[in-house]
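A short write-up of the structure that comes next.
The values are calculated or read from the model by the stated rules, or taken from the named source; none is laboratory data. No experiment lies behind these values; they were computed from the predicted model shown. Cβ coordinates were reconstructed from backbone atoms using ideal geometry, including for glycine residues, and neighbour counts include every protein chain displayed.
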């Protein structure tokens, strides 16, 4: 038989039946053999044998107290393996393009650092005058929108001593900065208006991983002459929508995060 590099078209009936049982347990319920048989259309004997096989592989778990079944711990192991191979840049790239198109400005993806986040990908906006981003460029923690997100949601901390002033708008008072970071945590985004460069404004939002930890920062930046307060507010909708989408692609579930707190 010639090899095409594509999956075979024929399937294995027993595997399909096992998958149907797994799907029936996917909502987190504990179900008995007869209920699972009813939901999948299988007879009870077949259902029992399939469940025993799945339990042997830790894909389902038999709850002795109730005699019912639930999803097994191996799914957590397998899920973590999938999440580990996900490249945040790969997951974010289409959202960066969409964000640049929606806002007309440069969309950036940054990795958290300590204390400064670093640009790992970007898509320039379609305008003739665009904000130029550079791979590897650090985002000063206290003077950029991306940096403030890293301080608010990540493990980054500011070094001791006086905070550097880059422009008249740079926040160098630590108590004022602390209040702003608390607002960032509550509202879910940060902004910087001419704080690192006089003519550069930006907004940024966190990208969260499966454990609710900060894994990246999505941002939009543009020249102050065009990306002012009104256009920054308009950009927040697409920014927050895209940051949530990337977080979801990386396995973030706000309900699970709340349960673990």
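For segment 25-45, a residue qualifies if it is surrounded by 14 or more Cβ atoms within 10 Å (Cβ to Cβ) and modelled with pLDDT of 90 or more, and the qualifying residues are 30, 31, 32, 33, 35, 36, 37, 38, 39, 40, 42. The set of residues from segment 66-94 being in a loop (DSSP other than H, G, I, E, B) and either assigned by TED's automatic domain parsing to the domain that holds residue 121 or at pLDDT below 90 (or both) comprises 72, 73, 86, 87. Counting the residues of segment 234-251 that are surrounded by fewer than 16 Cβ atoms within 10 Å (Cβ to Cβ) and under 16 Å from residue 97 (Cβ atoms) gives 1. Annotation for segment 214-233: no member residue is over 18 Å from residue 103 (Cβ atoms), out of contact with any strand residue (DSSP E or B) (no Cβ under 7 Å at 6 or more places or on another chain) and free of Cβ contacts under 8 Å to residues at least 24 places away in the same chain. Taking the criterion of being in a helix (DSSP H, G or I) and either in contact with a helix residue (DSSP H, G or I) (Cβ under 6 Å, 6 or more places away or on another chain) or not assigned by TED's automatic domain parsing to the domain that holds residue 232 (or both), the residues of segment 142-159 that qualify are 148, 151, 152.
Across segment 202-230, the qualifying residues are those that are over 24 Å from the mean Cα position of the chain (by Cα) and over 18 Å from residue 187 (Cα atoms), and the one among them that is surrounded by the most Cβ atoms within 10 Å (Cβ to Cβ) is 227.
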